[in-house]
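Single-structure report; data block below.
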């Protein structure tokens with residue numbers, strides 16, 4: 001059995017660690033996003049601190065293991081996030097103990113409107129799949145050269161779509177158009193700059209994984225159907 005086959009069937013420790021980071025940062029970002037923070041004149045959700053890490057992990061997964069493996073992880077992240085939201089909602093509707101006085105605080109911090117949830121889930125799927133697709137296609141087009149162009153280029157598209165879809169679906173009709181556009185641009189720029197600055201770290205992780213795993217996947221014959229089917 002080839003090293004590549006062993007990785008895909010048994011999953012190496014390195015692969016599991018990257019997947020764990022991907023899922024963890026995704027769930028933490030969605031929970032902490034309830035707080036708005038302000039710096040440099042911008043107002044952004046606190047989740048912006050860790051959410052771009054999920055895109056970095058997505059880049060690593062696609063670059064090393066290929067689009068098919070990244071697709072599985074994207075759907076895994078979606079299901080894990082859905083489970084987290086369901087657990088939080090169950091905690092919200094369960095009757096509080098008579099002496100517990102923080103039900104309102106729980107609802108304020110952890111409660112979600114269905115509109116925000118739908119916007120968040122759809123934005124995640126569109127952004128992550130666009131990011132993985134662009135990176136995989138650019139890798140083939142550049143024959144594996146210029147990793148920085150793939151990670152930054154795919155992030156610009158993926159994060160842009162994520163910010164656009166989420167802000168539009170979550171706030172259209174409730175805030176002025178100008179404010180929506182400002183929010184989309186601000187989130188897009190901050191997240192994209194974040195990943196661009198992390199490019200040296202991405203290089204280190206990718207190169208190390210390619211050496212230790214003995215794998216460097218090119219998606220020349222891969223089906224890019226976002227559903228977890230096909231080659």
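Take the residues of the stretch 94-106 that are under 27 Å from residue 45 (Cα atoms) and surrounded by 11 or more Cβ atoms within 10 Å (Cβ to Cβ): which is nearest to the chain's Cα centre (by Cα)?
Of everything passing the filter in the stretch 94-106, 106 is nearest to the chain's Cα centre (by Cα).
Go over the candidates 184, 215 one by one and state the one that is under 15 Å from residue 43 (Cβ atoms) and either outside any helix (DSSP H, G or I) or in contact with a helix residue (DSSP H, G or I) (Cβ under 6 Å, 6 or more places away or on another chain) (or both).
184
Collect the residues in the stretch 42-57 that are part of a helix (DSSP H, G or I) and either within 15 Å of residue 185 (Cβ to Cβ) or without any contact (Cβ under 8 Å) to a residue 12 or more places away in the chain (or both), keeping them in residue-number order.
48
Give the residue, chosen from 73, 140, that is more than 22 Å from residue 193 (Cβ to Cβ), out of contact with any helix residue (DSSP H, G or I) (no Cβ under 9 Å at 6 or more places or on another chain) and either touching a residue at least 60 places away in the same chain (Cβ under 8 Å) or crowded, with 18+ Cβ neighbours inside 10 Å (or both).
140
For the list (1) exposed (fewer than 13 other Cβ atoms within 10 Å of the Cβ); (2) touching a helix residue (DSSP H, G or I) at 6+ places or on another chain (Cβ under 8 Å); (3) assigned to a helix (DSSP H, G or I), I need the number of the one condition that residue 159 fails.
In the conditions (1) exposed (fewer than 13 other Cβ atoms within 10 Å of the Cβ); (2) touching a helix residue (DSSP H, G or I) at 6+ places or on another chain (Cβ under 8 Å); (3) assigned to a helix (DSSP H, G or I), residue 159 misses (1) alone.
FYI, it's all coordinate maths here, none of it is from the lab. Keep in mind that what you see is a predicted model, and the values were worked out from it rather than measured. Note that we place each Cβ from the backbone using ideal geometry, even for glycine, and neighbour counts take in every protein chain shown.
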